[in-house]
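Reading through the structure tokens given below for one structure.
The values are calculated or read from the model by the stated rules, or taken from the named source; none is laboratory data. Note that the coordinates shown come from a computational prediction; the quantities given were computed from them, not determined experimentally. With ideal geometry, Cβ positions are generated from the backbone for all residues, glycine too; neighbour counts draw on all protein chains shown. Remember, those area values only see protein heavy atoms, side chains included, never the ligands or the DNA or RNA. Shrake-Rupley method; radii C 1.70, N 1.55, O 1.52, S 1.80 Å.
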Amino acid sequence: MDKPTKYLRRSFYMTAALLVSMILFSPNLSAQEKATISGYLTSGSDGESLIGATVFIRELGAGTSSNEYGFYSLSVPVGKHILEYGYLGFEPVKQEIDLKSNLKLDIELFEESAVLEEIVVKSEAENKNVAELQMSVEKLDIQTIQKLPTLLGEVEIIRSLQLLPGVSTVGEGATGFNVRGGSIDQNLVLLDEAPVYNSSHLFGFFSVFNPDAVKDVKLYKGGIPSRYGGRLSSILDVRMKEGNSKQLAINGGIGTIFSRLAIEGPLAKDKASFIVAGRRSYIDILAQPFLRDGFEDSRLNFYDLTMKANADINKKNRIFLSGYLGRDNFGFGDAAGFSWGNGTGTLRWNHLFSDKLFSNFTVFYSDYDYQINFGNEAENSFDWSAQILNYSVKPEFAYYLQPSNVLRFGGQSTIYQFSPGDAIGVSSGEEADFGVPKKYAIESAVYLENELDIGPRIKTNYGLRLSHFNYTGKGFSYAFGDADPGERKPLTGIEEHDQWESIETYLALEPRASIKYQAGENSSVKASYNRTVQYLHLVSNTTAATPVDVWTPSTNNIKPQKADQVALGYFQNFKKNTYEFNVETYYKKMYNLLDYVDGADLLLNPFLEADLLQGDGRAYGLELQVKKAKGDISGWVSYTLGRTERLIEGINNDDWYPSRFDQTHNLTVAAFYQINKRWSTSGNFSLVTGTPATFPTSRYEQQGYVIPHNAYKTRNNVRIPTYHRLDLSLTLDPKENPDKRWKGQWVLSIYNLYARKNPFSIYFTQNDGRIPSGSNVQTYAEQLSVIGSFIPSISYNFKFK
């Protein structure tokens, strides 16, 4: 074992011992006899677990909230108490108890009977943004997402997140999203704990998440707890519904380009339930009568299927089984085709070791692949496929020592298989293999995390994560010699390795800490620090990431990415929590970020590592948000002032340069107006600084052709024009009738109301035809706009119970 490894492990053990000592000797321990109240909080109408519901004993000033599975545990002195259960949008429940020993108490809460939906971004308590410890966390409930105007009237989760501070995209038609200056591969997107490597349908216009199957959406931009790891910039944690355990229910919608249907119901009433939700687009079906000249069999569609089932085995054990399968298909007759898709499967087992010790054991599978083919003849064709496949096991534990002290610990181990490209070309009947060898890796981690209240005003969360990465065979490792900065490195050696033979290992210690100071009943100050390490890399040098970009592990030539982020925020509510204000500032320093030599060959290149460069990055900014959370008129205004830059030896004259997704100003407005009991309207507006691009600074002319040239070797030296867009929607809800089982809703929307032609990229062309001798060649800047007009739509949503 090398010295750095020994040092890291010794540091981890020493810090872990310190953590345990602080826990065991925390000042909240008391000799007074105590007992534990624990149980599950669920919705009385459909049996869904309530995430973040509150449990409070007012006379003791003690409380807790339910976890991701609706479980809570609260240890208090024995005696008579009045428990108050609450969840925003639900009727509160008070329960009087005479606590003599440990008590298991499951509670059902029912939705409020109020007609008008007044809360926009719902949280579990009206002042949660001030009172909770977490900062740099964005949460949108599915009801809010459904109210926002969207493209073609379809509810869209990821595009809704882009209306929040610190979240952006490089343009319409771009896959994924960017968080606080990070690239899209620096976001860990989880669906019921399984990673999703491409979160978009139709090149970023729609996400892979079916809104009818989603219960909870939470985005961590900073202050990331130790239980999460594997990415630098953010964690998007999407939780699926369990399914209605009370009665059969059907939800769905018919839209402009696709329709969806979800069926859920009990397998055993109040004991087991299921949900199955599917979507399919039908542009190709609508276009079929108009296709001619060999394009009759063209395919242009996407679909996804989301499934989940769960069952209570007994009072201490519950199991969940969930899965996702989705695919995009683009085929132009038999001449060419392109498709990509995700598949996930998750098995979870909740087990209660005691009233204080909750555990969850997860096993998941995740698969992302794409396929490209050209030619429909046996004599001439080209087929290319690529894949990233992983299997993982993850045990997690939460020990509720007391209301002010929760200890979480666990681990995870993941096996990766990377297939950068299996490619076969056939020309005149002769077959050639252009494939790149598979790569394998194992990533493991253990963590320890403690949430501790230090007096009535200070709350902390601190922890450690120790991660380990092992790049293994079967396959080849490559050695490269030195080269001038920014130039391709020469190959000096190749070594073959057996299956699971270790090629290169990395070990990293990732400390995390957050603290909140409650300045007053309606105000607080929060701060956080986290170190994150990422062992996977997305290789892409296009304007925006595409489905055919290459995932690669850290190797003997590619170091893992690392980041240190600090954040400071102030949170204030006004007028009985009607208005919310928060401001956060952050600074993130990143290491070992990827970039590429000029003319890099990224696809189907076994010596790809020779074309890669690594260097530093930094992102810093200010995020502001003002929100009106109650009333007929509600909404929010978000503004982000930020910079994200890179420093790579051999690029931009070894000076800092803006990254491709650097956007200095990002202003978004979302507004909702409840006109009456049935009619409501909403709108959102975005104004974003144009992204950087590299333009030539001079040119050469040769035989009537222009050769662009960057004389100063600068990177991202200009910005494309500013992006702005306004969307509107109008919703008609059904009449109130408790006895009516079928309820329908109409949604009218207009995307890009004033037909703004927002630039996605700008490129240069020259005049066609022969140029007379002695004449100058005229060149033109051409703007590519993915959407250049307003897009109206109508959709019909329905529910049946």
**Request:** List nothing, just return the count: lysine pairs in region 32-116, 8 or more apart or interchain, with Cα separation under 14 Å.
**Result:** 4
**Item:** Helix-only [θ]222 nm of the chain, DSSP H runs n ≥ 4, -39500 (n - 2.57) each, per residue, nearest 500
**Value:** -1500 deg cm²/dmol
**Asked** What angle, in degrees between 0 and 90 and rounded to the nearest 10, separates the Cα long axis of helix 3-24 from the longest principal axis of the Cα atoms of the chain?
**Response** 20 degrees
**12 Å beta-carbon shell around LYS80, net charge (K/R +1, D/E -1)** = -2
**Request:** Over region 168-270, average the accessible area per residue using a 1.4 Å probe and give it in Å², no decimals.
**Result:** 20 Å²
**Asked** Looking at region 598-698, which GluC sites (Glu not before Pro) are DSSP coil and have at most 11 other C-beta atoms within 10 Å of their C-beta?
**Response** none
**Inverse mean reciprocal Cα-Cα distance (Kirkwood Rh) of region 32-116, Å** = 13.1 Å
**Request:** Could you list the chymotrypsin sites (Phe, Trp or Tyr not before Pro) in region 422-524 that lie in coil according to DSSP, counting only those with at most 13 other Cβ atoms within 10 Å of their Cβ?
**Result:** TRP500
**Complete:** Ordering 310-320, 748-758 by per-residue average of other C-beta atoms within 10 angstrom, highest first, gives 748-758, 310-320
**Message:** Using the Cα atoms of region 648-727, I'd like the radius of gyration and the largest Cα-Cα distance, Dmax, both in angstrom.
**Reply:** 21.1, 71
**Item:** Reach of LYS128 by Cα under 17 Å, taken over lysines that are not fewer than 8 positions away in the same chain
**Value:** LYS139, LYS218, LYS459, LYS516, LYS526, LYS575, LYS576, LYS627, LYS628, LYS630
**Item:** Probe 1.4 Å, protein heavy atoms only - accessible area per residue of region 32-116 in square angstrom
**Value:** 44 Å²
**Request:** Compare the Cα positions of GLY86, ASN102, THR42 along the charge dipole of region 32-116 (+1 at Cβ of Lys, Arg; -1 at Cβ of Asp, Glu; about the Cα centre) and return the one farthest towards the positive end.
**Result:** ASN102
**Message:** Given a 1.4 angstrom probe, I'd like the percentage of the accessible area of the chain that is carbon and sulfur, rounded to a whole number.
**Reply:** 57 percent
**Asked** Under 14 Å from the Cα of LYS439, which aspartates and glutamates turn up, not counting those fewer than eight places away in the same chain?
**Response** ASP422, GLU495, GLU496, ASP498, GLU501, GLU504, GLU609
**Request:** Over 48 Å, how big is the tail of the calculated P(r) for region 137-800, in percent of all Cα pairs?
**Result:** 16 percent
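If you place +1 on the Cβ of every Lys and Arg and -1 on the Cβ of every Asp and Glu, how big does the dipole about the Cα centre of the chain come out, in debye to the nearest 20?
The dipole of the chain has a size of about 2840 debye.
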**Asked** What are the principal axis extents of the Cα atoms in region 494-605, in Å, biggest first?
**Response** 67, 33, 23
**Fill in**
Cβ-Cβ cut-off under 9 Å around SER259, Lys and Arg +1, Asp and Glu -1: the net charge is +3
